[in-house]
Amino acid sequence: MKKTTKNIFLGIDILLFIFVLGNDSHAAKTSHAKTAPGKAAVKVTEIKHVSNPNYTRVIIYLSGQTAFTHRLLKEDPKIQKPRRLYVDIKNASISSSLKQPIPINDGLLKMARAGQYNKGTVRVVLDIESIENYKIFYFDEPFRIIVDVIGKKQAGKLPPTEPAKAAPPEPARPSLAQQLGLKIKRIVVDAGHGGKDSGAVGKAGLKEKDVVLRIAKGLKETLAKETGAEIVMTRDDDTFIPLEERTAIANTKEADIFISVHANASFNRKAGGVETYFLNLTNDAVAIRLAARENAVSSKKMSDLQYILNDLIKTSKTNESSRLAAVVQESLVSNLRAKYSDVKGNGVKGAPFYVLVGTHMPSILVEVSFISNPKEEARLADSAYIKEIVAGITNGVNRYVKEMEVAVE
Ligand SMILES: [Zn+2]
C-alpha cells in the first residue's frame, strides 16, 4: 500500500516535470516537424475535441506537415483574458471551411479558437478554465497536432455509469483493492480499422477490420462475464474512427484497461503466429514496419514518431502495460495451442503504435494471427478459432486483474 502511494506520487512528479519542460524554454522541442523550404502554406482544416471533466483531447488537423510552437499564458485580468494555452502554427493559413470558435466548456477548457496571428502564422488559442497538466505532440498522414489536457481528479462529480448487465454479484466483503478503488471497473476494447480502412486483407479476401470486430464483440461478452467490468467498444460496427479518437475514448471513459485488437500481415506468406505489443521505442525493423502499417504512415515517418514518443513514454504506464501484454500473450498462445498445436508464440514486444500514445491506463495491442498467412487466414475465418482467441485474451485479462487485486491485499 505504502509502495503504491509512493509510486502514485512519483508519477505525479514526473508529470509535473514534463509539464514544466513542455512550457516555455523547451517549446521548440515539440515543434521539430520539418517544413520543406518554399513549400506552399498549409491550411488549418478542422479542430475537434473529445472530453470529460478530467481530460480533454483537442485535435488540430492540417493539410500538411509544418512546424509549431506552444506557450502557456497566465491569466491577464487587465485585459480580461483567462489563462490560455496557444499553439503557433508556422507557414499556415486558416481554411475557409474551418468551423470556429469551438465551445468546449467541460470544466477544463472554455473554448478553442484560431486566428491568423501574422502573415505566416496561425495561432490556435485554448481558453483555460482549470487545468493541471498538458502535453502537445503530433501525428502524421494526415498531419495533426494533438493537445492532451488533464485536470484535477474530480472523482464523484462524474456521472455514474451503468454496471455491465452480465456482471456477477459483488462479494459480500469488498477486497482491499475494491476499497481502495483499484478494481477494474471499465475495459475499452478497440477493434482495429473499420469503414474505409480495411486493414490487412488476406489472399482469400478476408479483411482484418471484419475479423477484429468479431473478436471484439466476443470480448465484450466474455470480459464482462469474467471480470465484472463494464466493456466499452470504440466501434461495434463497420465505422472508420481515427486512431487518436480511439485513445481519447479510453481516456474520457476513464478505462482501467485498453485492448486494441489487430491481425498481422507480412510480405512473407509463411510468417505466422501471435504477438502482443505495448507502447515503447524499438530498433526492431519488423516491429517498426508493422507499427507504420497500423499507424497508416510511411516507414520513414517512424523515426520522427520515435523522437516525439521519447517524452510521452516517460508518462505512460509502460510497466503495467508490459505485464498485461505478457499475461495476455501467454494465455492466448497456450489457449490456442490446446486445440491448434502448431500456433507460434512470437512473444511480447514494444513498438510505437499511435493508438497507444497518450493512454492513461495499461494498454496493449494484440496481433491475434497473420491474415497474410493462408493457413491462419482460413483459421481466422472460422468461428471456432475466433472463439479460442476470445477465450485466450479473456483469461489473460482476468488473470491480470486477479493478480493486481492480490498484489494490493
Ligand atoms: Zn491492424
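The values are calculated or read from the model by the stated rules, or taken from the named source; none is laboratory data. The model shown is predicted, which means the values in this text are computed figures rather than measured ones. Neighbour counts are summed over all protein chains in view; Cβ atoms, including those assigned to glycine, are modelled from backbone coordinates with ideal geometry.
Observations on the structure shown:
- With respect to the conditions (1) of a type outside the set (A, V, I, L, M); (2) without any contact (Cβ under 8 Å) to a residue 40 or more places away in the chain; (3) within 28 Å of Ile59 (Cβ to Cβ), Gly205 lacks only one, and its number is (3).
- Neighbours by Cβ (under 7 Å, 6+ apart or cross-chain): first from region 251-269, touching a residue at least 24 places away in the same chain (Cβ under 8 Å) and of a type in the set (Lys, Arg); second within 13 Å of the ligand (Cβ to nearest atom) and in a loop (DSSP other than H, G, I, E, B): Arg269/Ser372
- Restricted to region 257-285, and to residues there that are modelled with pLDDT under 95 and among the aliphatic types (A, V, I, L, M), the residue that is surrounded by the fewest Cβ atoms within 10 Å (Cβ to Cβ) is Ala285.
- Hey, Glu221 away from the ligand (no atom under 16 Å from the Cβ), at pLDDT 95 or above and surrounded by fewer than 21 Cβ atoms within 10 Å (Cβ to Cβ) or not: yes
- Only residues that are assigned to a loop (DSSP other than H, G, I, E, B) and either of a type in the set (A, V, I, L, M, F, W, C) or surrounded by fewer than 22 Cβ atoms within 10 Å (Cβ to Cβ) (or both) were counted across region 344-391, and they come to 8.
- Candidates in region 392-409 are the residues that are crowded, with 22+ Cβ neighbours inside 10 Å and among the β-branched types (Val, Ile, Thr); of these, the one that is nearest to Phe267 (Cα to Cα) is Ile393.
- In the set (1) touching a strand residue (DSSP E or B) at 6+ places or on another chain (Cβ under 9 Å); (2) of a type in the set (A, V, I, L, M); (3) assigned to a helix (DSSP H, G or I); (4) within 15 Å of the ligand (Cβ to nearest atom), Ala292 fails one condition alone, (1).
- Test result for Lys253, of a type in the set (D, E, K, R) and either touching a strand residue (DSSP E or B) at 6+ places or on another chain (Cβ under 7 Å) or not assigned by TED's automatic domain parsing to the domain that holds Gly358 (or both): yes
- Out of Ser316, Ser303, Ser299, Ser334, one residue alone is within 16 Å of the ligand (Cβ to nearest atom) and either farther than 26 Å from Arg186 by Cβ or at pLDDT below 95 (or both). It is Ser299.
- Residue in region 198-209 that is in a strand (DSSP E or B) and not basic (Lys, Arg) present: yes
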